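Only the coordinates and a few stated rules stand behind these numbers; no lab work does. None of the values given here were measured: they were computed from a predicted structure. Here the Cβ is made from the backbone with ideal geometry for all residues, glycine too, and neighbour counts use every protein chain on show.
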């Protein structure tokens, strides 16, 4: 099979190599998937780059956690009726701080635990399916980790991003009133189309003042946060008493200093979202919800660009630059 690999961390153009590798064989409890699309998440880029001191966990790595394709063989103990099933893949490399798996989805084939190959809704093609594992499931967890959100007001910071856009749609479908922060007019239109009732241009507007105006001074029940370090003061200020901040990243500063009493005075709840560590029962709920929303045409996966596997280094650079309205995917 053709696969992308790296044997050391560093810049994409210097460490990523595309070459032929032996075809994997599914072990007991595994399925063999012919990968058609491999999604690139910021976590994949950080792992390859050695961000924040990350080290190589294996001598050779095939990158990427998310993907989609078709089951072509199964291992012992797996129903052979699954052969031919269209699936999306999650956590193909394992979470941060664990050795995880060496071989991710940036390859023609992957052998993976059968539970990590989930039936792909008919409404999604393989490219969209390659962006469910982290973006859509992280969004589900950020929105619904503490129960139903019907009637709540939710602020989504970074609402035009891959996770943020899914969060807007999932929250709106759940009956929430969604406000999204954006960086430009194009992003605002993208977020409004996803179901938000208002957007705030964080570069041109006073976000706190606009949130309070939009909520008649009451603030929001929940904040879904893309960068806790950058926005924690704002989050504390706009939060209602006993509200929740659900943060899935803090890339600008991995060790933020917390304004404790700004949160404590409101009895705030801080929930840190890790898409690699969603509890099994919650994960099944998320998988089912995503399938229902897809069937109802209430969830779309935005795609910014696709690249062939031969151009995976360019695709990584695209993710590193940021600012995309949608996901970046490698097709195989």
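Cβ-to-Cβ counts within 10 Å put 293, 239, 258 in ascending order as 258, 293, 239, the fewest first. Axis angle, to the nearest 10 degrees, between helix 312-321 and the longest C-alpha principal axis of the chain: 10 degrees. Between residue 19 and residue 60, the distance separating the two model label sites (each 7 Å from Cα on the Cα→Cβ line) works out to 0.7 nm.
Can you tell me, using C-alpha contacts under 8 Å and at least 6 residues apart, the relative contact order of the chain as a whole percent?
Details: 775 pairs, mean separation 60.7, N = 332.
It rounds to 18 percent for the chain.
What ranking, highest mean first, results for peptides 78-85, 165-172 when packing means the other Cβ atoms within 10 Å averaged over each residue? Walk me through the numbers on the way to the answer.
Numbers: 78-85: 13.0, 165-172: 28.4.
Most protected by this proxy first, the peptides run 165-172, 78-85.
Which of rounded, prolate or oblate describes segment 238-306 when judged by the alpha-carbon gyration tensor and an a/c cut-off of 1.5? Judged from the Cα gyration tensor, segment 238-306 comes out prolate (a/c at least 1.5, a/b above b/c). Compared with the dominant principal axis of the Cα atoms in the chain, helix 162-173 is inclined by about 60°.
Under the 0.36 nm per residue contour assumption, what length would be gained going from the current alpha-carbon distance of residue 260 and residue 304 to full extension?
On the way: separation 44, 0.36 × 44 = 15.84 nm, distance 3.80 nm.
Taking 0.36 nm per residue and subtracting the Cα distance, the gain is 12.0 nm.
The relative contact order of segment 135-275, computed from alpha carbon pairs under 8 Å that lie at least 6 residues apart in sequence, is 21 percent.
Pull out the extension gain between residue 274 and residue 209, defined as 0.36 nm times the separation in residues minus the alpha carbon to alpha carbon distance; nm, one decimal. Numbers along the way, then the final one.
Working: separation 65, 0.36 × 65 = 23.40 nm, distance 3.02 nm.
Once the chain is fully extended between residue 274 and residue 209, it gains 20.4 nm.
Scaled to the globular estimate 2.2 N^0.38 Å, the Cα spread of segment 1-77, given as radius of gyration, is 1.22. Across all directions, the average flat footprint of the convex hull enclosing the Cα atoms of segment 200-332 is 11.1 nm².
At q = 0.13, 0.14, 0.16, 0.20 Å⁻¹ the log10 of I(q)/I(0) for segment 135-275 amounts to -0.47, -0.55, -0.73, -1.21, computed by Debye summation with a single uniform scatterer per C-alpha, solvent ignored.
Only helical DSSP H runs with n ≥ 4 go in: add -39500 (n - 2.57) per run for the chain, normalise by residue count and round the 222 nm mean residue ellipticity to 500 deg cm²/dmol. Mind showing how you got there, number by number?
On the way: 11 runs with 95 residues, N = 332.
After summing the helix terms and dividing by the residues of the chain, the value is -8000 deg cm²/dmol.
If one takes the longest principal axis of the Cα atoms in the chain, at what angle in degrees, from 0 to 90 and to the nearest 10, does the Cα axis of helix 228-238 lie? So the helix axis and the longest Cα principal axis differ by about 30 degrees.
Computed over every Cα-Cα pair of segment 35-78 and binned at 5 Å starting from 0, the pair-distance distribution P(r) comes out as 5, 18, 21, 17, 15, 13, 8, 3 percent. I'd like the distance separating the alpha-carbon centroids of segment 281-312 and segment 202-252, in whole Å. So the separation of the two Cα centres works out to 26 Å. With all pairs of different C-alpha atoms in the average, the Kirkwood value for the hydrodynamic radius of the chain is 20.2 Å. Rg and Dmax of segment 1-133, both derived from C-alpha coordinates alone, stand at 14.3, 44 Å.
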